[in-house]
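This report refers to the structure that appears directly beneath it.
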Amino acid sequence: MKRALLIFAITLISLGIFAQEQYSTKKKKAIKYFESAIQYYNSRDNKSALFHAHKAIETDLNFVEPYNFIAAIYDEDGNYNKAIEYYNKAIIIAPSFSPNTYYFLGKLEYLTGNYESSTIHLKQCLEFENIKPKITHWAKEILKRSVFSENAVNNPVPFNPISLGKNINTKYNDYWPSLTADENILITTITIPIDDKYPISSRNIHEDFFISHKDEDGNWKKIKNIGAPINSKNNEGAQNFSADGQWLFYTVCNRPEDYGSCDIYYARKIGDKWNEPKNLGPDVNAGSWDCNPSMASDGRTLFFSSNRKGGEGSKDIWCTSLQDNGRWTKPENLGNKINTLGNESAPFIHPDNKTLYFASDGLVGLGELDIFMSRKQVNGEWGEPVNIGYPINTKGNEMGLIVNSSGNLALFSSERFGGEGMDIYSFDLYKEAQPERVFYVKGYVYDKATNKRLKANFELYNVEKDSLVVKSVSNPGNGSYLITLPTNNNYAFNVSKKGYMFYSENFSLKNFDDNKKPYEINIPLQVIEKNASIVLKNIFFEIDSYDLRLESRTELSKLFQFLNINSSLIVEISGHTDNVGSKQHNINLSTNRAKKVYEYLINKGISASRLSYKGYYFSRPIAKNDTEEGRAKNRRTEFKIISK
């Protein structure tokens with residue numbers, strides 16, 4: 001069993017408590033056997049050390065030191081059950097001999113999931129006087145964990161893992177699931193033999209990525225090797241999709257050309273094929289162990305685990321941001337709310353961009369690595385991590401959990417449930433551990449005149465905060481895109497490409513309906529030419545007024561940028577209304593609304609000679625005025641190219 005943080009790696013032997021002037025026995029033969037055992041141990045001959053320690057016990061059954069010595073060797077070798085057996089025998093023989101016996105017994109009972117006994121023995125350890133400070137510190141630390149774990153086991157969270165089935169899980173180890181936001185594509189890492197004529201062994205083992213798509217009925221198709229150029233002769237693992245499935249980030253280790261022992265690579269999808277993978281470079285890969293990338297749905301922020309210098313402990317979680325020049329910022333440590341003196345790894349940032357799941361052995365948990373979650377607070381800081389509970393977490397290592405965009409289904413790998421080695425499982429995630437639900441919109445961008453698919457820039461803004469939520473690019477090969485939309489917000493969506501009119505859309509996800517289906521919108525872009533026009537869907541006015549609402553800031557800024565870049569254009573801003581009210585009232589309303597946009601642009605520095613405005617009241621409807629939905633479409637602001 002791997003020792004994670006269990007820098008409870010104090011052992012009875014390392015404390016030197018056996019080099020005593022006076023033993024608990026008077027029998028010289030027993031002492032001689034025992035001191036021979038110590039000498040064999042110091043020579044790294046544990047087999048002979050155990051033999052002579054047992055001979056010492058046979059000579060005097062009440063000689064307590066050999067019991068602790070034998071237990072310590074079993075502890076050091078990872079044979080915890082045997083170690084527990086001998087620590088218990090030592091306590092029965094001499095209950096007041098040493099607080100250390102209670103400490104090491106309690107530690108091992110914690111590691112093996114016997115939390116009730118661990119709590120009892122650690123409390124007994126702390127009742128002794130003159131305890132070594134190191135023992136006192138770790139006894140209190142593990143006691144805290146044992147009390148937590150006992151409570152967690154007595155109050156389990158809902159958990160019903162279901163295998164993803166034979167189309168996903170193989171006869172080999174299947175792990176590190178990665179899922180697109182629309183839940184239609186899954187990538188896993190599988191350990192396969194280099195030569196399938198022979199069984200897997202240390203010399204015949206290789207990690208590759210495998211991919212599956214859902215069929216029309218929502219079932220996973222048979223998983224297939226993703227192939228070159230992603231898979232290579234090296235081991236590839238610990239991968240993560242961007243939310244739109246257009247980027248793949250993953251870990252490669254021990255390539256001679258890399259910057260550290262493990263580096264993070266990325267590949268981009270062009271059409272239906274992946275381009276040649278690239279190393280993220282020295283801005284991110286720091287000559288250390290850099291692993292477990294997780295790309296945020298904003299298209300700019302990458303979380304990962306690293307043991308680089310400057311962290312809080314052994315392995316920490318860091319993040320870096322992609323800049324407009326294509327360079328990554330200097331990685332920042334997530335700080336001591338998330339990171340500890342131990343190991344933090346396998347981060348997964350949910351598409352809500354607020355909820356982080358990760359593995360830690362430094363936070364209070366049930367044994368080794370446990371899965372925790374933390375939510376980003378309003379001030380931008382991470383909240384206190386929360387252990388997601390038993391039996392999701394156990395005394396063993398749990399890591400690599402991901403959560404779907406809806407927030408109600410988790411995926412992880414495990415060998416606990418009778419599969420063939422490690423398999424991928426899904427389970428309904430209980431409410432308290434769920435992230436904010438995320439909606440999405442997807443489709444493709446194309447030339448309105450020729451239907452040619454286009455690579456275009458797109459941005460998503462929270463209109464109430466005028467803050468950028470997502471910034472990315474549609475697929476260069478087929479124009480496809482996917483953006484995630486956390487619920488309970490209103491968004492402005494802008495698509496732009498040089499030589500084309502920009503496109504704007506509005507998504508209102510306040511009072512979200514769980515039955516609402518994701519949007520599928522194919523976006524036509526118009527070439528900049530005379531009489532080309534677009535509806536500015538994110539310019540908002542107060543009801544029956546020409547006062548601009550604050551939510552219009554994003555769209556007005558985009559319009560200004562467009563005119564500033566295309567400095568020869570002459571345009572008309574037009575206002576339109578529904579047919580409610582008198583004609584004159586609507587003429588005045590539509591004219592003044594267009595004028596407000598005109599004045600904004602002039603105040604920003606656009607020459608008045610390039611602008612005009614006009615109100616068309618309800619003379620140019622784009623929908624029928626007999627429904628509220630139709631009237632809403634008719635209440636709009638447009639701009640049109642008068643001259644290039």
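Read-outs: derived from the displayed coordinates by stated rules, not from any lab. All values derive from a computational prediction rather than experimental measurement. For neighbour counting, all protein chains shown are included, and Cβ atoms are generated from backbone atoms with ideal geometry for every residue, glycine included.
Need the full-extension length gain, Lys455 to Ser568, defined as separation in residues times 0.36 nm minus the C-alpha distance. One decimal, nm.
Values: separation 113, 0.36 × 113 = 40.68 nm, distance 2.44 nm.
Answer, rounded to one decimal: 38.2 nm.
With the cut-off at 1.5 for a/c, could you classify region 323-465 from its C-alpha gyration tensor as rounded, prolate or oblate? Verdict is prolate for region 323-465.
Taking Lys498 as the anchor, which aspartates and glutamates have their alpha carbon closer than 18 Å to its alpha carbon, excluding any fewer than eight residues away along the same chain? Counting by Cα, and skipping residues close in sequence, Lys498 has these aspartates and glutamates nearby: Asp324, Asp447, Glu459, Glu529, Glu555. For region 130-157 versus region 38-103, the inter-centroid distance based on Cα atoms is 24 Å. Report the calculated FRET efficiency for Thr329 and Val580 (r = Cβ-Cβ distance, R0 = 56 Å), to the nearest 0.05. After rounding, the FRET efficiency stands at 0.65. Shown here for region 329-364: chymotrypsin sites (Phe, Trp or Tyr not before Pro) in loop regions (DSSP other than H, G, I, E, B) with at most 14 other Cβ atoms within 10 Å, of which there are none.
Using a/c under 1.5 as the rounded threshold, could you call region 176-433 rounded, prolate or oblate? The axes a ≥ b ≥ c are square roots of the C-alpha gyration tensor eigenvalues, and prolate needs a/b larger than b/c, oblate otherwise. The partial results should precede the final answer.
Numbers: a/c = 1.28, a/b = 1.12, b/c = 1.14.
Note, shape of region 176-433 comes out rounded.
Full extension of the segment from Gln22 to Asp547, taken as 0.36 nm per residue of separation minus the current Cα-Cα distance, would add 179.8 nm.
Please list, by residue number, every one of the chymotrypsin sites (Phe, Trp or Tyr not before Pro) in region 388-472 that is coil in DSSP and has at most 15 other beta-carbon atoms within 10 Å.
Numbers: sites: Phe412, Phe417, Tyr425, Phe427, Tyr430, Phe439, Tyr440, Tyr444, Tyr446, Phe458, Tyr461; in loops: Phe417, Tyr430.
For chymotrypsin sites (Phe, Trp or Tyr not before Pro) across region 388-472 that sit outside H, G, I, E and B with at most 15 neighbouring Cβ atoms in 10 Å, the list reads Phe417, Tyr430.
Where a ≥ b ≥ c are the square roots of the eigenvalues of the C-alpha gyration tensor, would you call region 526-644 rounded, which needs a/c under 1.5, or, failing that, prolate if a/b is larger than b/c, or oblate? Since a/c reaches 1.5 and a/b is larger than b/c, the shape of region 526-644 is classed as prolate.
Counting other Cβ atoms within 10 Å, which trypsin sites (Lys or Arg not before Pro) in region 453-507 have at most 10 and lie in a DSSP loop?
Sparse-neighbourhood loop trypsin sites (Lys or Arg not before Pro): Lys498.
Report which label in (i) 31.0; (ii) 41.4; (iii) 35.8 holds the value of mean projected area of the Cα convex hull in nm² derived from the coordinates of this structure. Among (i) 31.0; (ii) 41.4; (iii) 35.8, the one calculated here is (iii).
Using mean Cβ contacts within 10 Å as the protection proxy, how do 532-539, 401-408 order, highest first?
Details: 532-539: 19.6, 401-408: 21.4.
Answer by packing, highest mean first, reads 401-408, 532-539.
In this label model, Ile270 and Lys123 are separated by 6.7 nm, measuring between points 7 Å along each Cα→Cβ vector. Packing order of peptides 515-526, 476-487, 555-566, highest average first: 476-487, 555-566, 515-526 (average count of other Cβ atoms within 10 Å over each peptide's residues). Greater than 28 Å separation of Cα atoms is the criterion. Which listed pairs, Lys82/Lys395; Lys171/Lys516; Lys537/Lys644; Lys315/Lys354; Lys197/Lys233; Lys221/Lys273, meet it? Over 28 Å Cα-Cα: Lys171/Lys516. Here the calculated FRET efficiency for Ile622 and Asn167, from their Cβ-Cβ distance with R0 = 41 Å, stands at 0.30, rounded to the nearest 0.05.
How high is the FRET efficiency from Ala632 to Glu183, r the C-beta distance, R0 30 Å, rounded to 0.05? Write out the running numbers ahead of the final one.
Numbers: r = 31 Å, r/R0 = 1.05.
Approximately 0.45, to the nearest 0.05.
Taking the chain as a whole, the Cys residues whose C-beta sits 4.7 Å or farther from every other Cys C-beta are Cys125, Cys291, Cys319. Taking label positions 7 Å along the Cα-Cβ direction at both Asn522 and Ser467, the computed distance is 3.6 nm, reported to one decimal. The helix-only estimate of mean residue ellipticity at 222 nm for the chain, built from DSSP H runs of length n ≥ 4 each weighted as -39500 (n - 2.57), is -7500 deg cm²/dmol after division by the residue total. Take the alpha carbon atoms of region 197-269, find their center, do the same for region 362-404, and report the distance between the two centers in whole angstrom. Going from one Cα centre to the other spans 25 Å. Approximating the spin labels as points 7 Å out from Cα along Cα→Cβ, the Glu257-to-Arg44 distance works out to 3.8 nm.
Can you tell me how much longer the chain between Ser607 and Asp217 gets when fully stretched, taken as 0.36 nm per residue apart minus their C-alpha distance, in nm with one decimal? Don't skip to the end; give the middle numbers.
On the way: separation 390, 0.36 × 390 = 140.40 nm, distance 5.63 nm.
Taking 0.36 nm per residue and subtracting the Cα distance, the gain is 134.8 nm.
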